[in-house]
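Have a look at the structure below, then the notes.
No lab work stands behind these numbers, since they all come straight from the coordinates. The model shown is predicted, which means the values in this text are computed figures rather than measured ones. As a convention, Cβ positions derive from the backbone with ideal geometry for all residues, glycine included, and neighbour counts pool all protein chains shown.
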Amino acid sequence: MSDDRRDELASALATARERVADAERAAGRTEGDVTLLVVTKFFPASDVEHLIDLGVREFGESREPEAGRKIAQVRADRPDVVFDADMIGRLQRKKARSISRWAKRVHSVDSLDLVEALGGAAQRSLDDGERTDPLGVLLQVSLDGDPERGGLVEADLRGVAERVAAHSGALRLDGLMVIAPLETDPEEAMAQAAGIRERFVADHPGARELSAGMSGDLEQAIAHGSTCVRVGTAIMGARPLLSP
Ligand SMILES: *Cc1c(COP(=O)(O)O)cnc(C)c1O
């Protein structure tokens, strides 16, 4: 049973890696430029361990406390393996402390309140020896201004980035994250994201990451400069319907 699952994951992972490499080539980018973050939310620790055995070292999770428990389990089961996990989904301030214990980066920062909560939480985790590096922050940009789906409008990026900088030591501004709006042509959405990113990097040259692209639109995202694609379904299979 479990070997079947490993074979299934191995084959889907190989296909996803090829898609990323093909897109890098098509965009004239260096192979390996783009990080493939495997999104394992809703899937068990055993799947994460299969993926580790297949060479994956970067994971995305989006639900706390499920994520924290799963990561702790995998770290206990694979004590010799160093891997990273990022928080990619919307989060509440009260989850900041638990996330600061396991996440390398948070992709979904979209408010001043959340920056303050994460800054305080990351500092406490550093003080308590629960982490050794600052927590990476990507500001989530809303491409359509829909508050339901989260994200900052471009005009608000500067103010929030300043607050991240005020927590230097605890937080590190890495860049931006986008989710293409459902009704928009992904090509258009990613072109829009690229423009916002170019203007943002002009002000924040150290924050060049662009987390963009998922199972359905990673090619368009890579064509427009994504540095990190977050791929769930194409590797893991369909999630239960209650997906966030
Ligand atoms: C679940 C999720 C993904 C993965 O989406 P797929 O379409 O399954 O690849 C990417 N980004 C975020 C923020 C997610 O919550």
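So what's the net charge close to G60: Lys and Arg +1, Asp and Glu -1, counting the other residues with Cβ under 15 Å from its Cβ? For residues surrounding G60, the net value is 0. Of the residues I88, I52, the one with the fewest other Cβ atoms within 10 Å heads the list, and the complete ranking is I52, I88.
Taking amide H as placed 1.01 Å from N in the peptide plane, the amide H of Q140 sits under 5 Å from that of V109, D110, L152, M177, each at least 5 places away or on another chain. Scaled against 2.2 N^0.38 Å for its residue count N, the alpha carbon radius of gyration of region 45-109 is 1.07.
The tail of the calculated P(r) for the chain, taken as Cα-Cα distances beyond 23 Å, holds 48 percent of the pairs. Counting every alpha-carbon pair across region 105-244, the share separated by more than 27 Å comes to 23%. Projecting the Cα atoms of A234, L118, L138 onto the charge dipole of the chain (Cβ charges, centred on the Cα centre) puts L118 farthest toward the positive pole.
By the equivalent-ellipsoid construction on the alpha carbon gyration tensor, region 1-143 comes out with semi-axes of 27, 20, 13 Å, ordered largest to smallest. The GluC sites (Glu not before Pro) found in region 1-78 that occupy coil by DSSP, while having at most 13 further C-beta atoms within 10 Å, are E31. Cα extents for region 173-215 along the principal axes, largest to smallest and rounded to whole angstrom: 31, 18, 10. Only Cα pairs under 8 Å and 6+ residues apart enter the sum, and on that basis the relative contact order of region 2-236 stands at 20 percent.
A cut-off of 5 Å between modelled amide H atoms, ignoring neighbours fewer than 5 places along the same chain, links L171 with L135.
Only Lys, Arg, Asp and Glu carry charge here, each on its Cβ (+1 for the first two, -1 for the last two); on that basis region 2-236 has a dipole of about 840 debye about its Cα centre.
Simple rule: put +1 on each Lys or Arg Cβ and -1 on each Asp or Glu Cβ in the chain, find the dipole, and look at G175, W102, Q220; the Cα lying farthest toward the positive end is W102. Taking the fewest neighbouring Cβ atoms within 10 Å as the starting point, the ordered list for T132, T35 is T132, T35. Taking amide H positions as modeled 1.01 Å from N, with prolines and chain starts lacking one, the residues under 5 Å from S215 and 5 or more places away or on another chain are G232, T233, A234.
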